[in-house]
1. Anything in region 66-78 that is more than 15 Å from V114 (Cα to Cα) and out of contact with any strand residue (DSSP E or B) (no Cβ under 7 Å at 6 or more places or on another chain)? List them, or say none.
2. Of these, A19, A23, A7, which one is part of a loop (DSSP other than H, G, I, E, B) and modelled with pLDDT under 95?
3. Where in region 31-96 are there strands (runs of 3 or more DSSP E), lying fully within it, with 2 or more residues that are more than 14 Å from R124 (Cα to Cα) and β-branched (V, I, T)?
4. Under 7 Å between Cβ atoms, at least 6 apart or on separate chains: pull out the pairs that start in region 99-120 with a residue that is assigned to a loop (DSSP other than H, G, I, E, B) and end on any residue that is modelled with pLDDT under 95 and crowded, with 18+ Cβ neighbours inside 10 Å.
5. What tally of residues in region 36-51 results from selecting those that are touching an Asp or Glu at 6+ places or on another chain (Cβ under 8 Å) and either of a type in the set (A, V, I, L, M, F, W, C) or touching a residue at least 40 places away in the same chain (Cβ under 8 Å) (or both)?
6. Is it fair to say K101 is loosely packed, with under 12 Cβ neighbours inside 10 Å, of a type outside the set (S, T, N, Q) and in contact with a strand residue (DSSP E or B) (Cβ under 6 Å, 6 or more places away or on another chain)?
Amino acid sequence: MKIHSVAMMLVVVTFLAGAPTHAQDGGSVTNATITSNVENGAPVDFRQQFTSPTPRVFYYGELLGLKGQTARFRWSLEGKPMQEVAVEVTLPRQAAWSMMKMQPEWTGDWTVEVLDGKGQVIDRRNFAYSPPL
């Protein structure tokens, strides 16, 4: 009977502890997308392909569990860092976006990474920027 009670107590403690919170694991991103624009705080479309000379490309996402941290958006072309933008996170769930002004010669495969305050990648999105047809 004593062993059964101890085992049951461990199950209850494990259940109450639950999964780690976002603050413990660095946070996360939801509703992330690459888009051609952000209007009224929301992406206007969901794209993975752009054609030069598209003037700008946006990464949009909702940052969760990062309140009090500085998130960073890192833009890379074919693995070469092109831009990094810092965003102060002031809310438990905060919509955020970053824009890259594109150049016609910057064709290739792009990656946008979101990093938490510890520099850990918490989201990664890819898109292609192709020459005009």
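The values are calculated or read from the model by the stated rules, or taken from the named source; none is laboratory data. Quick caveat, the model's predicted, so the values are computed rather than measured. As a convention, Cβ positions derive from the backbone with ideal geometry for all residues, glycine included, and neighbour counts pool all protein chains shown.
1. G68, the sole residue that qualifies.
2. That would be A19, the only listed residue that is part of a loop (DSSP other than H, G, I, E, B) and modelled with pLDDT under 95.
3. Filter on region 31-96 gives 80-88.
4. D116/G26; K118/G26; Q120/G26
5. Of the residues in that region, 0 qualify.
6. In short, yes.
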